[in-house]
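For reference, the structure discussed in these notes is given below.
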Amino acid sequence: AFAVSVVSEGAEDETELPVLQSSENSRTISKIGRELKGIVFVIQSQSNSFHSKRAEDLKRDILKQGVDLGKELPTVLLIHQIVRHEGAWTILPLMTDFSLTYGRNSSWIFFCEEDTRIQVIKLVETLRRFDKSKEWFLGKALYDEESTIIHHYAFAENPTVFKFPDFAAGWALSIPLVNKLAKKLKSEPLKSDFTIDLKHEIALYIWQKGEGPHLTPVPEFCTDDVNAYKADHCATTFSNFLPLCGEPVNKEDVFVAVKTCRKFHGDRIPVVKQTWEREAALIEYYSDYADISIPTIDLGIPNTDRGHCGKTFAILERFLNHTSPRTPWLVVVDDDTLISIFRLRKLLSCYDPNEPVFLGERYGYGLGTGGYSYITGGGGMVFSRTAVQKLLASKCRCYSMDAPDDMVLGMCFSGLGIPITHSPLFHQARPMDYPKDYLSHQIPVSFHKHWNIDPVKVYFTWLAPNTEESRNGKKVGYNREDL
């Protein structure tokens, strides 16, 4: 009888244990759900249809994970939907609204890109380590190994000391810091004329010459691919492959215009011919001198030392009036731009040429006080034919022949209500001007400038079709370390 009793008690224990575990799990999930409600997710989205769909997909995924954790759903915002503010993508102008709306009942503002993938439970557990009543600036830390032009040669004596966040991994501000920034912005409006590298400039503004918080590195904020073996500990991961939304567009669908001038025919044009020219089916060189050996086309626009607005608008007119109307895409590059047309054709498979698309690396001018965004010219400017048609149908033109063409284009498109479409795969500078860890999760489309580098080597190392990287980020038999 005793033996039976023991077995009976053991059986009861075995049936009750899962119930106890289930109850504990339920309390844990409920707690995570409550903490999750204190996180405001802000997706750094864009209004172009391809990008807005990806952002909406991420929003749905975050909310679905929230549903699985209980009734308390987090707030998920898409930046391009928050306000009709040209500078919303620069984030700092939104701090006042964030403080007013979420300053009392939330704990964190968590920012991420449309391709950031989030394990919500791990994110909540990660943020729990930090006292939400204090000022925190959290992210995956990047730093410059040497001072660089895109950061105005900041911290020239030792650029490694200043850390700034990799947006792809996600980054977070505690509400006390958001409130502090909102108060500072009220008394000291943003003065900077140019937005060039947002992640660096936000970190500088928060740092406040050493008086504000530094970026605190968080190991769980990752840019590893979601399938990488190292990703198990990560709260965030990042898809590091080149977007491909079907077959690459045909070679004949991309018309390439190279801006050059007589003094660079002898040194820059041979680099183009040794590297990426062979990838382009339709390419023309526009100069101030007709050289049949290249050949170049003289547009009748004198060369200017800066700006080149007159030349660029002449190129746009020529594309619209002298190329096949069946060619949907125009790419305008400098003669010292290194570009992969092969990869660009893949990328363009994701965009609808019937939309007015103006694509490249986005900069900003005067966005704290109105202003406009623009595509910086050196990394390459990509236009859909529809965008060129709408631009030239307007009365917006150069205010002088040597005005900065990229900025005038940005001003014109802003006036027309046509958004700039940003891709981080275009680069205004050289590979050595970017943190290695930042480039490690990219398959770049372009770089710019020949200063102190071997441009042919840079092309074959970073951009040539046979250097395509696999999705797991492994290098394919070449070394980028010295570039």
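The values are calculated or read from the model by the stated rules, or taken from the named source; none is laboratory data. Nothing here was measured: the structure is a model prediction, and the numbers come from that model. Positions of Cβ are generated from backbone atoms using ideal geometry, with glycine treated the same way; all protein chains shown enter the neighbour counts. Side chains included, ligands, DNA and RNA excluded: accessible areas come from the protein's heavy atoms. Shrake-Rupley method; radii C 1.70, N 1.55, O 1.52, S 1.80 Å.
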For the chain, alpha-carbon Rg over 2.2 N^0.38 Å:
1.11
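Using only helices, what value at 222 nm comes out for the chain when you add -39,500 (n - 2.57) per DSSP H run of length 4 or more and divide by the total residues, to the nearest 500 deg cm²/dmol? All intermediate terms of the calculation are to be shown ahead of the outcome.
Numbers: 14 runs with 160 residues, N = 483.
Using -39500 (n - 2.57) per qualifying helix, the result is -10000 deg cm²/dmol.
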Using alpha-carbon coordinates alone, the radius of gyration and Dmax of segment 251-465 in Å work out to 16.3, 49
Counting pairwise Cα distances across segment 134-229, what percent come out greater than 18 angstrom?
51 percent
Spit out the partnerless Cys residues in the chain, using Cβ distances under 4.7 Å as the pairing rule.
CYS112, CYS261
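Nearest 20 debye, what's the magnitude of the dipole of the chain about its Cα centre given +1 on Lys and Arg Cβ and -1 on Asp and Glu Cβ?
Values: 55 positive and 62 negative charges, 222 e Å.
About 1060 debye.
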Partner aspartates and glutamates for LYS134 [C-alpha distance under 15 Å; skip if fewer than 8 residues away on the same chain]:
GLU211
What are the residues whose amide H is under 5 Å from the amide H of VAL254, where those residues sit 5 or more places off or on another chain and H is modelled from the backbone?
none
Just how much of ILE283 is accessible, in Å², when a 1.4 Å probe is used and the result is rounded to the nearest 10?
40 Å²
Listed here are the pairs LYS53/LYS449; LYS263/LYS395; LYS37/LYS140; LYS199/LYS449; LYS273/LYS311; which of them are more than 25 Å apart at the Cα?
LYS53/LYS449; LYS263/LYS395
Run the accessible area of segment 251-465 with a 1.4 Å probe and give the carbon-and-sulfur part as a rounded percent.
51 percent
Which peptide among 141-153, 346-358 comes first, and what is the full order, when sorted by highest mean count of other Cβ atoms within 10 Å?
346-358, 141-153
Using the Kirkwood formula on alpha carbons, the hydrodynamic radius of segment 34-238 in angstrom works out to 17.5 Å
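If you take the Cα atoms of segment 154-202, find Rg, then find the Kirkwood Rh from the mean of 1/r over all pairs, what is Rg/Rh? Provide the component values of the computation, followed by the final result.
Numbers: Rg = 13.2 Å, Rh = 13.1 Å.
Checking Rg against Rh, the ratio lands at 1.01.
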